[in-house]
Amino acid sequence: MKWIESHPQTEGKPRTGSLHTEAGIVETPNFMPVGTRGSVRGLSSDVLSRAGTEILLVNLFHLWLRPGERILKGAGGIRPFMGWKGPVLSDSGGFQILSLKERRKVSEEGVHFQSPYDGSSVFLSPEEVVRFSEEIGVTIAMVLDHLVSPEEGTGKNREALERTLRWAKRSLDARESVEGEMALFGIVQGGLDPELRQFCARELSGMTGLSGTIFDGYGIGGLGIGETPEERVSLVAAAIEPLPRNKPRYLMGVGYPEDLIQAVGEGVDLFDCVLPTRNARNGMLFTRSGRLIIRNAKYGEDFGPIDETCSCQTCQSYSRAYLHHLFRTGEMLGPVLNTIHNVTFYLSLMKEMREQLVMGTFSRWKNHMLTHMNSRGNNE
């Protein structure tokens, strides 16, 4: 895998590029819809392609449990199993260390989980994550990292960071022992401490495997779980500063449209987040002026599209009134149409950012969008 910068910018940090993988090329900056269990809820692979999706995210922990390695290998790998032809990035399960803290025990060797499905015991180690990722044919694998809440304080975050670095080294060593073209990304942790973030980024940048292998890219993890948007921007900037310019940077699990715009301004290349799909199922739709809550009564007789500037199937064919009706009656079609719109909106936003960067007008565009967009505001 190789990331190639295109149209070097004169504006500073933001950049465009292309991620060349064995499964296809991804133009950056870009957004990965989240298919945790091998499915972006409500959307087929064909629909995702028509929406402009170039790369998908899956969760290794959940795929390990269901359907499991035997089924995935029998299908020829995760991509044929999903009917998806493009690249796939797998999250390692580090977030589950935080979200399933009552069901896990962390040691230096790895993490023992109790399955949320049937209570069975599951063990993930850095080596097993690399091996399983390669076995099921993911394009890009994230290392196993130790994520703790920022509320745990600097001491706990430093302890988790140091374990993350030790696990990262083991992951690089393990990568050298498996065959295939799978790329491997390290993950920058450090909580809300910019100095810890920079320390972790420097260590990962200089890390090599037993035979000199280096990371193919870098994730920035542990954000979007409590910090303010202003804190996030400064922490992302701190994490990126020591990272090599010629490798892709991936902000994990973030966020609202405004967050993506801000982070691209700091030089982030890849994103994923459940917001567009989860919010769609709950009736929250994203537009260029902010969020739209389709269940609100005022949309019951509104026969215009969600967003007049949007080219998605939903906006081209259905009215706000119809979507309001679907939500109020609990029809399955409602969340599907909402999800098509939200995913298309995110992907179109990324494409627009790439175009603005190429034209050299990103800074002015960014300021305009952040002034007029209000995705976190009062219900509309």
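Since every read-out is calculated from the coordinates, none of them should be taken as a lab result. What you see is a predicted model, and the numbers here were worked out from it, not measured in a lab.
Brief remarks on what is shown
- The lysine pair tally for the chain, using Cα distances under 22 Å and a gap of 8 or more places or different chains, is 17.
- Convex hull volume per residue for the range 162-223, taking Cα atoms only, in Å³: 73 Å³
- Helical contribution to [θ] at 222 nm, DSSP H n ≥ 4, -39,500 (n - 2.57), averaged over the chain, rounded to 500: -12000 deg cm²/dmol
- Helix 320-329 axis versus longest C-alpha principal axis of the chain: approximately 70°, rounded to the nearest ten.
- Computed from backbone phi, the HN-Hα couplings of the range 68-85 come to x, 5, 4, 5, 5, 5, x, 7, x, x, 5, 5, x, 4, 7, x, 10, 8 Hz, rounded to whole numbers (Karplus: 6.51 cos²θ - 1.76 cosθ + 1.60, θ = phi - 60°; Gly and Pro given as x).
- Taking only the Cα atoms of the chain, the radius of gyration and Dmax are 20.4, 65 Å.
- Computed from Cα atoms alone, the Kirkwood hydrodynamic radius reported for the range 130-237 is 14.3 Å.
- Debye log10 I(q)/I(0) for the range 19-153, one point scatterer per Cα, at q = 0.17, 0.19, 0.21 Å⁻¹: -0.93, -1.11, -1.27
- Over all pairs of different C-alpha atoms, the range 241-321 has a mean inverse distance whose reciprocal, the Kirkwood radius, equals 14.7 Å.
- C-alpha long axis of helix 153-175 to longest principal axis of the chain, angle in °: 70 degrees
- Across the range 113-178, the relative contact order, built from alpha-carbon pairs under 8 Å that are at least six residues apart, equals 35 percent.
- Ratio of Rg to Rh for the range 113-164: 1.07 [Cα atoms; Kirkwood radius as inverse mean 1/r over pairs].
- Derived scalar couplings between HN and Hα for the range 133-144 equal 4, 5, 4, 9, x, 6, 7, 10, 10, 8, 5, 6 Hz in order, rounded to whole Hz, by the Karplus curve 6.51 cos²θ - 1.76 cosθ + 1.60 (θ = phi - 60°), x for Gly and Pro.
- By the compact-protein rule of thumb, 2.2 N^0.38 Å, the alpha-carbon radius of gyration of the range 280-372 corresponds to a ratio of 1.17.
- Dividing the convex hull volume of the alpha carbon atoms of the range 189-240 by its residue count gives 68 Å³ per residue.
- Cα-based shape type of the range 28-101, given that a ≥ b ≥ c are square roots of the gyration tensor eigenvalues and the cut on a/c is 1.5: oblate
- Cα long-axis angle, helix 194-205 against the chain (0 to 90 degrees, to the nearest 10): 60 degrees
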